[in-house]
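Some notes on the structure that comes next.
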Amino acid sequence: MFGYYMDLALRSLRRSPVLTALMVLAIAVGIGASMTTLTVMHLLSGDPLPGRSQHIFYPQVDPTSRLNPHSQPYDMMDYHSAVDLWSAQRADRQALITVSALRLTAPTVHQPALMAQMLSTTSDFFPMFAVPFQYGNAWTAQDDARHARVAVISSDLNNKLFQGSDSVGRTLWLKDADVRIVGVLAPWRPSPQFYEVVGGRFSDGDTASFYGRPEDVFMPFFSSLEVNDGGFNPFTCWNAPDPGVKLQNSPCVWVALWVQLDSAAKVSGYRDYLASYAEQQKALGRFARADNTRMFDLMQWLDFNRVVPSDVRLQTWLAFAFLAICLFNTIGLLLAKFLRRAGEIGVRRALGASRAAVFAQCLVEAATIGLLGGLGGLLLTLLGLWLIRRQPVEYAELIHLDPSMFGLTFALAIAASLLAGVLPALRASRIAPALQLKTL
Amino acid sequence: MEIRPIFASLRKHRIPAILIVLEIALACAVLCNAVFMIGKRIGDIQIPNAIDERGLSVVVLNGTDPKLAASDIPRNIAALRTIAGVQSVGVTSTLPLSRNNWGWSFGLKSDSAMTDKNTFNVSLYFLGVGADQTLGLQLKQGRFFNADEYADSTLGGSALPSAHVVLVTESLAHQLWPDKAALGQSIYSKPYYYTVVGVVADVVRPQASIHSTQRSYASTFYPLQPDATLGYYLLRSAPHDRARIVRAAEQKLGEINPAAVAKGKTFDDIRGQYFADMSSMAWMLVLVCVVMLAVTAFGIVGLTSFWVAQRRRQIGIRRAVGASRGDILSYFRTENFLLTGMGVVLGMALAFGINIYLMHHYEMDRMPWYYLPASAVALWLLGQLAVLGPALRAAAVPPVVATRSV
């Protein structure tokens, strides 16, 4: 029976090619728009560390020495708090983080100096965030302690300076210091660049910059402070820094700490530790408040910073309103089309076709349109993603059609057109045969 | 025109009629909000900025030795002056829309500290000698800095310069001292204080605010002797010389500062980059609106065509009993007018609701009321245009159809 219905459907579609094209196009455009935005949304709102993110935490304390007018702790920490918490080594893994820019040249490579972004961090960073290596390894905890002049570089920088060859052991000039390369990363592009997401709530929804590339140079935290002395900037300050005072001793926040805690007991243990640290600092007179500590897990922290740009979220809403318009359109057209064939359906019913048979026949026709629309929608989705990849936004190069979204496109197309077909088919199947035969 | 028969016929086709009404309602709601967003973005992109944008180029010099700034900067400026076509050269710490923002909070009382509640956040522009002229700042009141103020003002590793003079923008002056002259007033942030010596036309901050233009103009200017923070070398020239001058200046600064990194661009590039994602979003919204309207129009065409085909006999009968072509034409047009009318009434309510939702959940302002009737009229026109083809075909049905069976 299905083959026969299929045949009928194709005949009916061929009989009014313009209308068929219109319906297919409407579904295709609706599917294309909603799948494009859904794919972007999916790629930008995903978990950057699947399977591990629930163990990664972002501790915060309030280091202000006067009562903080803002009720929340700052998004970063001052040097002393961050280093105290890091040195205590109470978590399974812990990494300090701060970012700066500095001049970089590679001796023996004939290329002009460039300003590189440098991530100052500690050795746990690489295993904690599962950062992949192409050559060499991360530096060790001893390197952190010895203030070793070593660095890990990105694969982009390695391609640029050394044409992708194994550059472990070679030397870079960072500002005025000789630094030895100990590791080269494999291409690594977390989405978002989660480990340095801060200040999202002050960005008015313009958060595309959270999806930028990781830094080109990674250096042990303490040795990088020596190498790029004076090159670091505070995130914000709670008092005017005195002239000539190093950033390390200034009333400013500029260092972040990430910790890995593998069990619920350790999480609550670390929360207690954070509270007791704040208590102790208050007793020492350094903190004004001991109760203003907080520890989000990674995904909570990303949510708190509302990392998905509001433009992207708006586009998703828009696309689904658009899909709804296209669906209404198709339902209306299908309904008109089926009802126009009332006479034909009346004859079939009179000759013994059941309601279910008429319903099935109409649904097959609707599904055929849906399938064609889905194919068109897939092509339009590819076009849409291609357009987004060409946009001047940081996340452009992250955008691609992944298999799950590919499947979803088709499921959505068929579901949409079946949905659009059910009501018209139902109406068509209820046509009273006698009335129609009389008018023939 | 009798509209009762139209209602009678619509009642018979209740579901298609409801669907088309819903489609128009949704289209109206989306159109209102999308056009409003497009307008807002175009407004943001074109934010006025009282410097000589058309003639300004910049080379950013990074990685210099801070200890040599006092001798390097005058030497660099002198070298840039020798480039043909350069009218003036100056150094600053940052530029409008460069995203390189150095902000500070000041109060109006002499004991204000930066963490006090009633302080206001401003962006700091440090100017080297000649930067005021190179930027093309427009003085509205008072004066620019004099040579002594430039020479005596140092940073010495602190956050703010040791001078005690400041230039503020007109908007900021009006916001801080709404009912008195800004000249001679002071802003404080213990232990620093600055007295306003001049008011300039509105210059945008390095990071504009999408919420309020007033906040976007909270810019302040301070004199500074040659210092490492002055890394933006500004060059002013005739607009058509800029491309050549940027290249020449980048090369020259690179040559005399071999250890540093020089990167040049025109101010138009800076503005373009700043608003790039905003303008691409605006274009996307335009595309969505156009396609959505096209889909809606084709939906109306398709549905009306069917109704026309379905009613050929009735139309023939009406024609046979005396209806003119005009009557048939106006029947379908009125029908469409009523459907669209119901759609836009629903759509305007929906548009208003969506706007309220977006105001709460996204960075959106209240939509001015006239967007609602405007998009209603647009959809009405679209409906009339879409129905014209099928309606003309209906009007062309000859009366003789009535006498034929099927």
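The values are calculated or read from the model by the stated rules, or taken from the named source; none is laboratory data. Treat the numbers as computed from the prediction; the structure is a model and nothing was measured. Here the Cβ is made from the backbone with ideal geometry for all residues, glycine too, and neighbour counts use every protein chain on show. To get the accessible areas, we keep the full protein, side chains included, count just its heavy atoms, and leave off ligands, DNA and RNA. Shrake-Rupley method; radii C 1.70, N 1.55, O 1.52, S 1.80 Å.
From B:R4, B:R54, which residue is without any contact (Cβ under 8 Å) to a residue 24 or more places away in the chain and farther than 24 Å from B:R215 by Cβ?
Working: B:R54 fails: without any contact (Cβ under 8 Å) to a residue 24 or more places away in the chain.
Among B:R4, B:R54, only B:R4 is without any contact (Cβ under 8 Å) to a residue 24 or more places away in the chain and farther than 24 Å from B:R215 by Cβ.
In contact (Cβ under 8 Å) with a residue 24 or more places away in the chain, over 17 Å from B:I24 (Cβ atoms), crowded, with 18+ Cβ neighbours inside 10 Å and within 28 Å of the chain's Cα centre (by Cα): does that describe B:M281? Spell out the reasoning first.
On the way: in contact (Cβ under 8 Å) with a residue 24 or more places away in the chain: yes; over 17 Å from B:I24 (Cβ atoms): yes; crowded, with 18+ Cβ neighbours inside 10 Å: yes; within 28 Å of the chain's Cα centre (by Cα): yes.
Considered against the rule, which asks whether it is in contact (Cβ under 8 Å) with a residue 24 or more places away in the chain, over 17 Å from B:I24 (Cβ atoms), crowded, with 18+ Cβ neighbours inside 10 Å and within 28 Å of the chain's Cα centre (by Cα), B:M281 comes out as yes.
Of (1) crowded, with 22+ Cβ neighbours inside 10 Å; (2) over 26 Å from the mean Cα position of the chain (by Cα), A:A240 satisfies all except one. Which?
Just one mismatch for A:A240, condition (1).
Looking at (1) charged (D, E, K, R); (2) without any contact (Cβ under 8 Å) to a residue 40 or more places away in the chain; (3) more than 9 Å from chain B (Cβ to nearest Cβ), can you tell me which one A:R355 breaks?
If we test A:R355 against (1) charged (D, E, K, R); (2) without any contact (Cβ under 8 Å) to a residue 40 or more places away in the chain; (3) more than 9 Å from chain B (Cβ to nearest Cβ), just (2) comes out false.
Identify the residue in the range B:348-406 that is of a type in the set (S, T, N, Q) and touching a helix residue (DSSP H, G or I) at 6+ places or on another chain (Cβ under 8 Å) and, among all such residues, is surrounded by the fewest Cβ atoms within 10 Å (Cβ to Cβ). Give the derivation first.
First, the residues of the range B:348-406 that are of a type in the set (S, T, N, Q): B:355, B:375, B:384, B:403, B:405.
Okay, now just the ones that are also touching a helix residue (DSSP H, G or I) at 6+ places or on another chain (Cβ under 8 Å), so B:355, B:375, B:384, B:403.
On the way: B:N355: 20, B:S375: 25, B:Q384: 15, B:T403: 10.
So, considering only residues that are of a type in the set (S, T, N, Q) and touching a helix residue (DSSP H, G or I) at 6+ places or on another chain (Cβ under 8 Å), the one surrounded by the fewest Cβ atoms within 10 Å (Cβ to Cβ) is B:T403.
Go through the range A:195-207 and report how many residues are open to solvent by 10 Å² or more (accessible area, probe 1.4 Å) and either touching a helix residue (DSSP H, G or I) at 6+ places or on another chain (Cβ under 6 Å) or over 23 Å from B:S209 (Cα atoms) (or both).
Number satisfying all stated conditions: 1.
Checking the condition more than 14 Å from chain B (Cβ to nearest Cβ), in a loop (DSSP other than H, G, I, E, B) and open to solvent by 10 Å² or more (accessible area, probe 1.4 Å), which residue from A:A290, A:A265, A:A275 passes?
Answer to the selection: A:A290.
If we keep just the residues of the range B:14-29 that are open to solvent by 10 Å² or more (accessible area, probe 1.4 Å) and at the interface with another protein chain (Cβ under 8 Å from one of its Cβ atoms), which is farthest from A:C326 (Cα to Cα)?
B:I15
Which of the residues that make up the range B:51-97 are small (G, A, S), touching a Ser or Thr at 6+ places or on another chain (Cβ under 8 Å) and more than 26 Å from A:R103 (Cβ to Cβ)? Working first, answer last.
Taking the range B:51-97 first, the residues small (G, A, S) are B:55, B:57, B:63, B:69-71, B:78-79, B:84-85, B:88, B:90, B:93.
Checking which are touching a Ser or Thr at 6+ places or on another chain (Cβ under 8 Å) leaves us with B:55, B:57, B:85, B:88, B:90, B:93.
Result: B:G55, B:G85, B:S88.
For (1) surrounded by 18 or more Cβ atoms within 10 Å (Cβ to Cβ); (2) of a type outside the set (V, I, T), each residue gets a yes or a no:
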| position | (1), (2) |
| --- | --- |
| A:F129 | yes, yes |
| A:Q142 | no, yes |
| A:R146 | no, yes |
| A:S154 | yes, yes |
| A:V179 | yes, no |
| A:Q193 | yes, yes |
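Can you confirm whether the range B:204-214 contains a residue that is away from chain A (no Cβ under 14 Å) and outside any helix (DSSP H, G or I)? Spell out how you get there, then give the answer.
Within the range B:204-214, the first condition is being away from chain A (no Cβ under 14 Å), and the residues that meet it are B:204, B:214.
Subsequent filtering for residues that are outside any helix (DSSP H, G or I) retains B:204.
Yes, some residue in the range B:204-214 is away from chain A (no Cβ under 14 Å) and outside any helix (DSSP H, G or I).
May I ask you to list the residues in the range A:23-54 that are away from every other protein chain (no Cβ under 11 Å), closer than 13 Å to A:L375 by Cβ and open to solvent by 10 Å² or more (accessible area, probe 1.4 Å)?
Scanning the range A:23-54 gives a single hit, A:V24.
Of everything in the range B:252-278, what is facing another protein chain (nearest Cβ under 10 Å), in contact with a strand residue (DSSP E or B) (Cβ under 7 Å, 6 or more places away or on another chain) and crowded, with 18+ Cβ neighbours inside 10 Å? Give them in sequence order.
B:G254, B:N257, B:A260, B:V261, B:A262
Determine if the range B:195-212 includes at least one residue that is open to solvent by less than 10 Å² (accessible area, probe 1.4 Å), polar (S, T, N, Q) and under 26 Å from the mean Cα position of the chain (by Cα).
No, there is no match, as no residue in the range B:195-212 is open to solvent by less than 10 Å² (accessible area, probe 1.4 Å), polar (S, T, N, Q) and under 26 Å from the mean Cα position of the chain (by Cα).
What pairs can you find where one residue is in the range A:211-239 and in the same structural domain as A:C252 (by TED's automatic domain parsing) and over 23 Å from A:D156 (Cα atoms), the other is open to solvent by 20 Å² or more (accessible area, probe 1.4 Å) and of a type in the set (S, T, Y), and their Cβ atoms are less than 7 Å apart, with a gap of 6+ or different chains?
What qualifies is A:T236/A:Y74; A:W238/B:T115; A:N239/B:T115.
Please go through the range B:84-119 and give me each residue that is surrounded by fewer than 16 Cβ atoms within 10 Å (Cβ to Cβ) and farther than 26 Å from B:D72 by Cβ, ordered by number.
B:G103, B:L108, B:K109, B:S110, B:D111, B:K117, B:N118
When you check A:A256 against the structure, is it buried (at least 20 other Cβ atoms within 10 Å of the Cβ) and either within 26 Å of the chain's Cα centre (by Cα) or among the small types (G, A, S) (or both), yes or no? If you could, list the steps in order and put the result at the bottom.
Working: buried (at least 20 other Cβ atoms within 10 Å of the Cβ): yes; either within 26 Å of the chain's Cα centre (by Cα) or among the small types (G, A, S) (or both): yes.
Yes.
Among the residues that make up the range A:189-208, is at least one of them in contact with a strand residue (DSSP E or B) (Cβ under 6 Å, 6 or more places away or on another chain) and part of a loop (DSSP other than H, G, I, E, B)?
No - not one qualifying residue is present in the range A:189-208.
Kindly indicate whether A:A396 is touching a residue at least 12 places away in the same chain (Cβ under 8 Å), surrounded by fewer than 20 Cβ atoms within 10 Å (Cβ to Cβ) and not aromatic (F, W, Y). If you could, list the steps in order and put the result at the bottom.
Working: touching a residue at least 12 places away in the same chain (Cβ under 8 Å): no; surrounded by fewer than 20 Cβ atoms within 10 Å (Cβ to Cβ): yes; not aromatic (F, W, Y): yes.
Judged against the criteria, A:A396 is not a match.
Can you name the residue in the range A:298-320 that is out of contact with any helix residue (DSSP H, G or I) (no Cβ under 6 Å at 6 or more places or on another chain) and of a type in the set (S, T, N, Q) and, of all such residues, is modelled with the highest pLDDT?
My answer is A:Q300.
When the residues of the range A:100-115 are filtered to those that are facing chain B (nearest Cβ under 8 Å) and not in a loop (DSSP other than H, G, I, E, B), which remaining residue is surrounded by the most Cβ atoms within 10 Å (Cβ to Cβ)? Explain how you work it out, then say what you get.
So the first thing to find is which residues in the range A:100-115 are facing chain B (nearest Cβ under 8 Å), and the list is A:101-103, A:112-115.
This time we only want the ones that are not in a loop (DSSP other than H, G, I, E, B), so: A:101-103, A:114-115.
Details: A:A101: 18, A:L102: 23, A:R103: 20, A:L114: 17, A:M115: 16.
Filtering the range A:100-115 for residues that are facing chain B (nearest Cβ under 8 Å) and not in a loop (DSSP other than H, G, I, E, B), the one surrounded by the most Cβ atoms within 10 Å (Cβ to Cβ) comes out as A:L102.
With (1) within 13 Å of chain A (Cβ to nearest Cβ); (2) of a type in the set (G, A, S); (3) within 30 Å of B:E363 (Cα to Cα); (4) crowded, with 22+ Cβ neighbours inside 10 Å as the list, and B:S219 as the residue in question, which single condition is left unmet?
Result: B:S219 passes all but (1).
Among (1) in a loop (DSSP other than H, G, I, E, B); (2) more than 29 Å from B:G43 (Cβ to Cβ); (3) in contact (Cβ under 8 Å) with a residue 40 or more places away in the chain, there is one condition B:E250 misses while meeting the rest; what is its number?
(1)
For the range A:55-99, which positions are closer than 17 Å to A:L119 by Cβ, open to solvent by 10 Å² or more (accessible area, probe 1.4 Å) and not hydroxyl-bearing (S, T, Y)?
A:M76, A:V83, A:W86, A:R93, A:V99
Please specify each residue of the range A:247-262 satisfying the condition of being closer than 20 Å to A:T64 by Cβ and either in a helix (DSSP H, G or I) or in contact with a helix residue (DSSP H, G or I) (Cβ under 9 Å, 6 or more places away or on another chain) (or both). Show your work before the answer.
Within the range A:247-262, the subset closer than 20 Å to A:T64 by Cβ is A:247-257.
The answer is A:L247, A:Q248, A:N249, A:S250, A:C252, A:V253, A:W254, A:V255, A:A256, A:L257.
Does at least one position in the range B:84-97 carry a residue that is in contact with a Cys (Cβ under 8 Å, 6 or more places away or on another chain) and within 14 Å of another protein chain (Cβ to nearest Cβ)?
The answer is no; no qualifying residue exists.
Restricting to helices (runs of 4 or more DSSP H) lying wholly in the range B:1-109: which have 3 or more residues that are of a type in the set (G, A, S)?
Numbers: elements: B:4-12, B:14-45, B:69-81.
The helices (runs of 4 or more DSSP H) meeting that bar are B:14-45, B:69-81.
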